[in-house]
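S.K.: Handing you this structure, nothing more for now.
The values are calculated or read from the model by the stated rules, or taken from the named source; none is laboratory data. Remember, it's a predicted structure, so these values are computed and weren't measured experimentally. Positions of Cβ are generated from backbone atoms using ideal geometry, with glycine treated the same way; all protein chains shown enter the neighbour counts.
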Amino acid sequence: MGLCKPANYNELENAKNNIYGVLPYIAPEILRGQNYTKATDIYSFGIIMYEVISGLSPYHDLKHDNNLAIKICKGFRPRFNIKVPQLIVHLIKRCLDANPSERPITKEINNILRRWHNGSNEELQAQIKEADEINSNSLNNITSNLGIYNTHSEASYTSRLLDFSNLPEPKNSDDYYEQNDNIISKEYSESLQINISQLNINENESCQINISQLNINKNESSQINISRLNDNEDSQNSESGSKGKNFFLSQNNESESERKKDGIE
């Protein structure tokens, strides 16, 4: 939940600004470096409610990295793979609201859960019955309850230092409270996946362009240096050849002059 710190926390320099915890359970405002509040714990409680009901670890199929932190701030939330009563989904959505002031307080949550436990809410009972009928025909319910699912190799559920920067302002999904069949709609979840992947593509293209431009500059520089080297070599060879030729001609002229002189004498 972001409450864990290293054993030597007090001895570390600038440790107050560091974030420690398990990424899926930490509220988006904490990821952006804001102070801990009671509303932060409510967010973590909402994630735990999801995990208990679904039988799945939050974001178990995703890499727990900067991209996931960005998506969480943009309104990304875990989705149920089973039918869940809408009243329960709605409570979880409120706990996971991107705006801390919109999350319910602990007293309200306690009162709601007590009413549900006492069975005094007929609407909830009807929704539970409907969900049980739908889930009884679904294999997803069986596998999730057994805890049989694949976890991403880079999904981390141990407390660690989370060093993220330039995260966007937290917001809810565009249709967050329009429907209560799931925490977020499938369409919004998929759109975030596309946006993040497009962001990665643009970053990779930018890096490739910079590297290729660097190679072009290097090649141009090498060609210029080599051409200059060749020009210098040609110039030097021309000068040395000219000197050698002149020396040879002067030697021949001197020899011929001496022969003529000997003949006259």
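S.K.: Which of the numbered conditions does residue 28 fail, given that it passes all the others? Conditions: (1) crowded, with 22+ Cβ neighbours inside 10 Å; (2) over 22 Å from residue 106 (Cα atoms).
M.R.: The failed condition is (2).
S.K.: Within region 158-210, restricting attention to residues that are closer than 12 Å to residue 70 by Cα and of a type in the set (A, V, I, L, M), which residue is modelled with the highest pLDDT?
M.R.: Here the residue is 167.
S.K.: Being charged (D, E, K, R), within 22 Å of residue 191 (Cα to Cα) and in contact with a Lys or Arg (Cβ under 8 Å, 6 or more places away or on another chain) is true for just one of 74, 63. Which residue is that?
M.R.: When all the criteria are applied, what remains is 74.
S.K.: Now a separate question. Among the residues of region 35-93, how many are in a loop (DSSP other than H, G, I, E, B) and under 25 Å from the mean Cα position of the chain (by Cα)?
M.R.: Count: 20.
S.K.: Is there any pair with a first residue in region 85-101 that is at pLDDT 95 or above and of a type in the set (S, T, N, Q) and a second that is buried (at least 18 other Cβ atoms within 10 Å of the Cβ) and not in a loop (DSSP other than H, G, I, E, B) whose Cβ atoms are under 6 Å apart and which are 6 or more apart or on different chains, and what are they?
M.R.: Here the result reads 86/127, each pair linking region 85-101 to a residue that is buried (at least 18 other Cβ atoms within 10 Å of the Cβ) and not in a loop (DSSP other than H, G, I, E, B).
S.K.: Do the conditions hold for residue 17, that is, is it at pLDDT below 95 and surrounded by fewer than 21 Cβ atoms within 10 Å (Cβ to Cβ)?
M.R.: It is true that residue 17 is at pLDDT below 95 and surrounded by fewer than 21 Cβ atoms within 10 Å (Cβ to Cβ).
S.K.: Turning to a different aspect of this structure: Of (1) surrounded by 10 or more Cβ atoms within 10 Å (Cβ to Cβ); (2) in contact with an Asp or Glu (Cβ under 9 Å, 6 or more places away or on another chain), residue 150 satisfies all except one. Which?
M.R.: (1)
S.K.: Restricting attention to region 58-75, does a residue exist that is surrounded by 13 or more Cβ atoms within 10 Å (Cβ to Cβ), touching a helix residue (DSSP H, G or I) at 6+ places or on another chain (Cβ under 7 Å) and over 20 Å from residue 32 (Cβ atoms)?
M.R.: no
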